[in-house]
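To keep things clear, I will list the structure first and then write my remarks on it.
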Amino acid sequence: MKGWDGIQSSLSSRSSSSMSHRVPSQSVRLGRVQPQAPSYRTIFCNDRDSNLLVRFKGNSISTTKYNFFTFLPKGLFEQFRRVANLYFLTISILSTTPISPVSPITNVLPLSLVLLVSLIKEAFEDWKRFQNDMSINNNMIDVLQDQKWVPVPWKKLQVGDIIKVKQDGFFPADLLFLASTNADGVCYIETANLDGETNLKIRKALEKTWDYLTPEKASEFKGEIQCEQPNNSLYTFTGNLLIQKQTLPLSPNQILLRGCSLRNTEYIVGVVIFTGQETKVMMNSMNVPSKRSTLERKLDKLILTLFATLFMMCFIGAIGSAIFVNKKYFYLHLDSSEEGSAQFNPKNRFLVFILTMFTLITLYSTIIPISLYVSIEMIKFIQSTQFINKDLGMYHSETNTPALARTSNLNEELGQVEYIFSDKTGTLTRNLMEFFKCSIGVEVYGNGVTEIERGLAERNGMKIEENRPPHTVHERGFNFEDARLMRGAWRNEPNPDACKEFFRCLAICHTVLPEGDEQSPEKIKYQAASPDEAALVIAAKNFGFFFYRFKVQTY
């Protein structure tokens, strides 16, 4: 069996034979690993000098499509993606040659005006984006400096800064949650700008950092954060907090993302971990794409059809010119003694065909309307600014939010929707639930007819009379009317204990978060993950069972 000994002997024989043929030696380091970016980042809290060496990105954001240097080349590129503009550019070039029967200005000037109007519209829309970016970047936030809170613009925030966010304020960057004015170290946030959910969510700080709430205490915080590199995952986070010779694991429960807002909490203190374009919400946002509507694509096909028709007309005309051109047509001045016969020689039929072809293309170019695109763009621009933005039918009165058209390129697409993909029916409806009837024991309470009962009666051709007082005003989510339960009358029912237990279950068994003053429970508003839960808790409040506080307990 030829094993390791055989391999060793063959290697030694090769080495001895190679000694007689010496070659220059060369030192090579095999398996050298190229330097790579670390899989985690280290952040020194409240220490700008140490973080300055890493050169983290700033907190300024930009959602514009162009900048000062790219506007003209990129804007022209976008305009010449249109078939009509590219066609008229070719016609304008042909009109500057001697074969053109028209002055160059008749083609160059209209094209220049069309491009100018289109570029002005693009610049105006991008300027609006720039103004919105500047408004966001210049928002003020309290940053810890020399043991006091100093207002600083969002754009000047740096990784590692300790900041204070007040109630109803938005988080300017991705933060590590340190402390809250709530005694249990929790805060309530709204993530509507991230996932569209309006229900409040709970975040809880590490118990070790609860004391860093005042500027004096926060200035003593010198922890070190080791966490993952920036990524676009909104629901995951891994990292550790090194503080006082302890390593504490971090989870998404301690992370406050940019774009979320603080609710039901006077203020919180946090450390900036991701800024600007490296925040999770910005990494999920795409660059402003060049959008082309279905109408534009159809126009391109239509213009190509017109161009094919134009080409056939010019082709037939050029063939006829090449066939019938002859010196006997003296009025054409084609005699060889005439000046310019070198450029147009009737004896060279192929040359006559080519020159006539391009001449006719220039002459018939108006078959394709050059003002078509600019007319459509101006119509869509006026439609978005004067009709959509001011349409009362698109105004949301509850939040005082009008419609806002950020771009006018896709107005007509709103009427071309054929399919809607949705994860739940609430996306397609008002998603409004109302407490209308209930059953306690064997007794049914609640006057009136439900939508299902009304629809069934109409289908069967029956009439139902509703026994409800007219013009009754109720709280949103509560549409109940029955004197047997309202205003404490349930105590006189045959089963008051069952009624009490029913109302207590409505007020306790849920995940709803209260929002408002505990001293005025009737004014408390409820934030729920689903409208069903909100309607049940609101019903309990109207029956006299107020839910006013949610306390987090850990075991």
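The values are calculated or read from the model by the stated rules, or taken from the named source; none is laboratory data. Model, not experiment: these values are computed from the prediction. Every residue, glycine among them, receives a Cβ derived from its backbone with ideal geometry; neighbour counts consider all protein chains shown.
Return the residue satisfying two criteria in turn: it lies in region 285-306 and is charged (D, E, K, R) and modelled with pLDDT of 85 or more, and of such residues it is farthest from ILE61 (Cα to Cα).
Here the residue is LYS301.
Name the single residue that is surrounded by the most Cβ atoms within 10 Å (Cβ to Cβ) among those in region 227-237 being hydrophobic (A, V, I, L, M, F, W, C) and free of Cβ contacts under 8 Å to residues at least 60 places away in the same chain.
By that ranking, first place goes to PHE237.
Suppose the filter is among the aliphatic types (A, V, I, L, M) and either loosely packed, with under 13 Cβ neighbours inside 10 Å or in contact with an Asp or Glu (Cβ under 9 Å, 6 or more places away or on another chain) (or both); does LEU144 pass it?
yes
For residues that are crowded, with 19+ Cβ neighbours inside 10 Å and farther than 21 Å from LYS298 by Cα, tally how many sit in region 76-110.
Residues flagged as crowded, with 19+ Cβ neighbours inside 10 Å and farther than 21 Å from LYS298 by Cα within region 76-110 amount to 5.
LEU536 - would you say it is surrounded by 13 or more Cβ atoms within 10 Å (Cβ to Cβ), more than 21 Å from ARG203 (Cα to Cα) and either at pLDDT below 90 or not aromatic (Phe, Trp, Tyr) (or both)? Steps first, answer last, please.
Working: surrounded by 13 or more Cβ atoms within 10 Å (Cβ to Cβ): yes; more than 21 Å from ARG203 (Cα to Cα): yes; either at pLDDT below 90 or not aromatic (Phe, Trp, Tyr) (or both): yes.
Here the answer is yes, as LEU536 does meet what is asked.
Please pick out the residue among GLY270, GLY276, GLY259 that is closer than 17 Å to PHE44 by Cβ and crowded, with 17+ Cβ neighbours inside 10 Å.
Result of the check over GLY270, GLY276, GLY259: GLY270.
Considering each residue of region 392-407, count those that are surrounded by 12 or more Cβ atoms within 10 Å (Cβ to Cβ) and either over 22 Å from PHE130 (Cβ atoms) or over 17 Å from the mean Cα position of the chain (by Cα) (or both), and give that number.
Residues meeting the conditions: 3.
For a quick check of your reading of the model, give me the residue pairs whose first member lies in region 38-64 and is on the phi > 0 side of the Ramachandran plot, whose second is outside any loop (DSSP other than H, G, I, E, B), with beta-carbon atoms closer than 8 Å and at least 6 apart or on different chains.
ASN46/LEU144; ASN46/ILE162; ASN46/ALA218; ASN46/VAL271
Residue by residue through region 377-410, note down the ones that are closer than 21 Å to THR64 by Cβ and of a type in the set (S, T, N, Q).
SER384, THR385, ASN389, THR407, SER408, ASN409
Hey, among the residues in region 438-453 that are at pLDDT 80 or above and either of a type in the set (Ser, Thr, Tyr) or closer than 15 Å to ALA534 by Cα (or both), which one's surrounded by the most Cβ atoms within 10 Å (Cβ to Cβ)?
Among those residues, the one meeting the criterion is TYR445.
For every residue, the table says whether it meets (1) modelled with pLDDT under 90; (2) aliphatic (A, V, I, L, M); (3) assigned to a helix (DSSP H, G or I).
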position: PHE88; (1), (2), (3): yes, no, yes
position: SER92; (1), (2), (3): yes, no, yes
position: SER100; (1), (2), (3): yes, no, no
position: ASN107; (1), (2), (3): yes, no, yes
position: LEU111; (1), (2), (3): yes, yes, yes
position: VAL117; (1), (2), (3): yes, yes, yes
position: LYS121; (1), (2), (3): yes, no, yes
position: GLU125; (1), (2), (3): yes, no, yes
position: PHE130; (1), (2), (3): no, no, yes
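Failed condition for ALA498, given (1) farther than 30 Å from THR265 by Cβ; (2) within 42 Å of the chain's Cα centre (by Cα), with all others met?
For ALA498, the exception is condition (2).
Any residue in region 518-529 that is free of Cβ contacts under 8 Å to residues at least 60 places away in the same chain, touching a helix residue (DSSP H, G or I) at 6+ places or on another chain (Cβ under 7 Å), surrounded by fewer than 21 Cβ atoms within 10 Å (Cβ to Cβ) and under 26 Å from GLU190 (Cα atoms)?
Looking through region 518-529, none of the residues is free of Cβ contacts under 8 Å to residues at least 60 places away in the same chain, touching a helix residue (DSSP H, G or I) at 6+ places or on another chain (Cβ under 7 Å), surrounded by fewer than 21 Cβ atoms within 10 Å (Cβ to Cβ) and under 26 Å from GLU190 (Cα atoms).
So ASN240 passes all but one of these: (1) in a strand (DSSP E or B); (2) in contact (Cβ under 8 Å) with a residue 60 or more places away in the chain; (3) surrounded by fewer than 19 Cβ atoms within 10 Å (Cβ to Cβ). Which condition number does it fail?
(2)
Please go through region 165-180 and give me each residue that is surrounded by fewer than 19 Cβ atoms within 10 Å (Cβ to Cβ) and assigned to a strand (DSSP E or B), ordered by number.
If the condition is that a residue be surrounded by fewer than 19 Cβ atoms within 10 Å (Cβ to Cβ) and assigned to a strand (DSSP E or B), then LYS166, PHE170 are the ones that fit.
Can you pull out the residues in region 117-145 that are farther than 30 Å from VAL374 by Cα and in contact (Cβ under 8 Å) with a residue 40 or more places away in the chain?
Answer for region 117-145, where residues must be farther than 30 Å from VAL374 by Cα and in contact (Cβ under 8 Å) with a residue 40 or more places away in the chain: ILE136, ASN137, LEU144.
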